[in-house]
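The values are calculated or read from the model by the stated rules, or taken from the named source; none is laboratory data. The model shown is predicted, which means the values in this text are computed figures rather than measured ones. Positions of Cβ are generated from backbone atoms using ideal geometry, with glycine treated the same way; all protein chains shown enter the neighbour counts. Just so you know, the surface numbers come from the protein's heavy atoms only, side chains and all, with ligands and any DNA or RNA stripped out. Shrake-Rupley method; radii C 1.70, N 1.55, O 1.52, S 1.80 Å.
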Amino acid sequence: MPKEVFIASGIVFGIVFGFLLKRSRFCAAGLTRDIVLENRWHNAVYIPAIVMMEAFIYFLMVGSDVIPGPKMADFSLFRIGLGSLMFGIGAVLCNGCIVSSLLKCGDGRLIGWISVPIFTLSAYIAKGGWLASTTKSLDKVWSVPDTLLANLPISPIVLAGVGMIIMLWALRYVYNTTKLGFTIPGRYAGWRHIVFEKIWPKEMVVMLIGIWMALGFLFSNWAGRNGGFGITTPLVSWFEFFTAGKSLGWASLFVLGIIMGAFITAWLGGEFTIVKPRLQSIVLTVIGSVLMGIGAVWASGCFIGNVMVGTAQFSMKAWYSTIFIVSGVWLATFIMIKMRTFTRN
Amino acid sequence: MKDIIVIDTKGLDCPLPLMEMKKALATMEIGQELILDFTCPEAVVNLPNYCKEHKHTVLSLDRSDTCWTIKVKK
């Protein structure tokens with residue numbers, strides 16, 4: 001099959017990913033934030049469940065020589081930590097990470113169309129613009145080799161397999177103890193209600209997302225790219241496509257697909273509405289998108305690239321980044337709670 | 001008892017609709033009702049979930065062409 005067909009498959013992966021996120025109301029930053037904001041500790045199960053499911057299938061494919069293994073590079077503890085912290089704080093200011101902004105673009109919330117271009121421009125500035133030299137010089141501060149995968153005491157397939165079984169048990173427990181005791185009213189019946197309107201349980205959707213993200217490695221590889229789902233570099237590729245005529249790849253189409261998936265799902269579910277943002281949201285989103293854009297480049301990844309993809313490859317850089325992204329989300333949430341308490345009194 | 005409290009959170013994304021609801025519920029009397037309009041799709045799950053967890057009664061959750069409306073009794 002020609003390579004172009006596999007490159008085009010990126011759009012299908014994006015549409016399905018956007019669809020799954022919309023159907024389950026899955027928001028990685030929101031789930032992380034609500035652990036401290038609403039004391040919903042069961043939220044801590046969903047992302048590790050995706051990671052372990054994805055890791056198991058990924059290392060099965062690597063072990064079977066279907067796809068090449070990950071390439072680990074040295075990374076700066078300082079730059080990754082700082083960038084991840086900035087990204088986490090920015091995600092709270094934007095009421096969701098950059099993936100949520102893409103979904104907002106698709107489901108009619110105009111705030112998404114403010115967030116995505118500002119994020120993309122900020123990321124470009126940090127990657128290839130006037131902040132590029134700073135990005136490069138920060139990379140040399142406290143640089144360490146990424147040796148986690150190479151030093152694992154057991155096979156990554158076994159580790160991921162055990163992790164997956166534990167997380168499946170945890171998902172079952174969470175599903176049984178946190179069922180929503182209220183039915184969302186529907187406008188449609190039959191397949192349209194089930195597919196596009198009914199809210200799917202997160203516990204089921206995270207399993208589908210894990211499998212889908214693992215398959216992303218396969219199709220991305222067939223398209224000539226060694227990697228899984230990604231957001232930041234693909235968004236920058238659109239900027240470079242329009243400004244410098246550079247070519248687009250599998251992941252560029254993937255991010256476009258997320259917007260399309262959110263639109264199709266919202267439209268067919270009768271949810272598509274143009275929502276104008278308020279001034280306060282616009283100001284916070286502009287600041288948050290700049291922090292996320294620069295932060296994602298300095299962190300060499302975001303909630304997708306590091307927290308949900310790199311971790312599944314057992315990259316030390318990704319696990320290290322995850323600690324700081326989560327810390328950034330929680331730090332900003334604590335500040336938000338304090339500020340609201342202060343303004344109320 | 002005070003009248004029904006009405007809050008408009010259209011245009012605000014999560015967690016702000018929930019925070020507005022919590023702020024209002026904290027000052028309401030038992031049996032008093034709250035009507036909250038929202039446009040954030042995630043709040044469709046978050047708001048009823050919060051009410052269930054804190055033993056407030058969701059009287060209705062309706063959708064119009066422009067927003068969802070939840071009616072809650074404390």
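Laid out as a table, the results:
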{"quantity": "Residue tally, condition in contact with a Leu (Cβ under 8 Å, 6 or more places away or on another chain) and not in a helix (DSSP H, G or I), over region A:97-110", "calculated": "0"}
{"quantity": "Residue ID - nearest to A:A214 (Cα to Cα), chosen from residues in region A:328-340 that are over 16 Å from the mean Cα position of the chain (by Cα) and either open to solvent by less than 60 Å² (accessible area, probe 1.4 Å) or at pLDDT 95 or above (or both)", "calculated": "A:W330"}
{"quantity": "Residue in region B:26-46 that is of a type in the set (A, V, I, L, M), free of Cβ contacts under 8 Å to residues at least 12 places away in the same chain and farther than 25 Å from A:S100 by Cα present", "calculated": "yes"}
{"quantity": "Verdict on B:D37 being farther than 22 Å from A:K104 by Cβ and of a type in the set (D, E)", "calculated": "no"}
{"quantity": "Flag for A:A223 being touching a helix residue (DSSP H, G or I) at 6+ places or on another chain (Cβ under 7 Å) and at pLDDT below 95", "calculated": "yes"}
{"quantity": "Count of residues meeting criterion [in a strand (DSSP E or B), surrounded by 18 or more Cβ atoms within 10 Å (Cβ to Cβ) and more than 7 Å from chain A (Cβ to nearest Cβ)] in region B:38-64", "calculated": "1"}
{"quantity": "Qualifying positions in region A:111-148 - in a loop (DSSP other than H, G, I, E, B) and of a type outside the set (S, T, Y)", "calculated": "A:G128, A:G129, A:W130, A:L131, A:D139, A:K140, A:V141, A:W142, A:P145, A:D146, A:L148"}
{"quantity": "Region A:215-239, residues that are crowded, with 21+ Cβ neighbours inside 10 Å, part of a helix (DSSP H, G or I) and among the aliphatic types (A, V, I, L, M)", "calculated": "A:L235, A:V236"}
{"quantity": "Given (1) touching a helix residue (DSSP H, G or I) at 6+ places or on another chain (Cβ under 6 Å); (2) in contact (Cβ under 8 Å) with a residue 24 or more places away in the chain, index of the condition A:A318 fails", "calculated": "(2)"}
{"quantity": "The one condition in (1) outside any helix (DSSP H, G or I); (2) more than 22 Å from A:K71 (Cα to Cα); (3) among the polar types (S, T, N, Q) that A:N151 fails to fulfil", "calculated": "(2)"}
{"quantity": "Among residues of region A:215-227, those that are under 24 Å from A:F263 (Cβ atoms) and more than 17 Å from the chain's Cα centre (by Cα), counted", "calculated": "2"}
{"quantity": "Top-ranked residue of region A:228-247 - restricted to ones that are touching a residue at least 60 places away in the same chain (Cβ under 8 Å) and over 16 Å from A:L102 (Cβ atoms), ranked as farthest from the chain's Cα centre (by Cα)", "calculated": "A:E240"}
{"quantity": "Test: residue in region A:336-343 that is assigned to a helix (DSSP H, G or I), on the phi < 0 side of the Ramachandran plot, among the aliphatic types (A, V, I, L, M) and out of contact with any helix residue (DSSP H, G or I) (no Cβ under 8 Å at 6 or more places or on another chain)", "calculated": "yes"}
{"quantity": "Top-ranked residue in region A:190-214 [being more than 15 Å from the chain's Cα centre (by Cα) and not hydrophobic (A, V, I, L, M, F, W, C); ranked as most open to solvent (accessible area, probe 1.4 Å)]", "calculated": "A:K198"}
{"quantity": "Flag if A:G269 is at pLDDT below 95, touching a helix residue (DSSP H, G or I) at 6+ places or on another chain (Cβ under 8 Å) and buried (at least 17 other Cβ atoms within 10 Å of the Cβ)", "calculated": "yes"}
{"quantity": "Residues of region A:3-44 classified as away from chain B (no Cβ under 12 Å) and either open to solvent by 20 Å² or more (accessible area, probe 1.4 Å) or among the basic types (K, R) (or both), total", "calculated": "13"}
{"quantity": "Qualifying positions in region A:176-197 - free of Cβ contacts under 8 Å to residues at least 40 places away in the same chain and within 14 Å of chain B (Cβ to nearest Cβ)", "calculated": "A:K179, A:L180, A:G181, A:F182, A:T183, A:I184, A:P185, A:G186, A:H193"}
{"quantity": "Within region B:3-21, considering residues that are open to solvent by less than 20 Å² (accessible area, probe 1.4 Å) and not in a helix (DSSP H, G or I), the one modelled with the highest pLDDT", "calculated": "B:T9"}
{"quantity": "Pairs with Cβ under 7 Å, 6+ apart, first in region A:1-19 and within 19 Å of A:S237 (Cβ to Cβ), second open to solvent by 40 Å² or more (accessible area, probe 1.4 Å) and among the β-branched types (V, I, T)", "calculated": "A:I15/A:I264"}
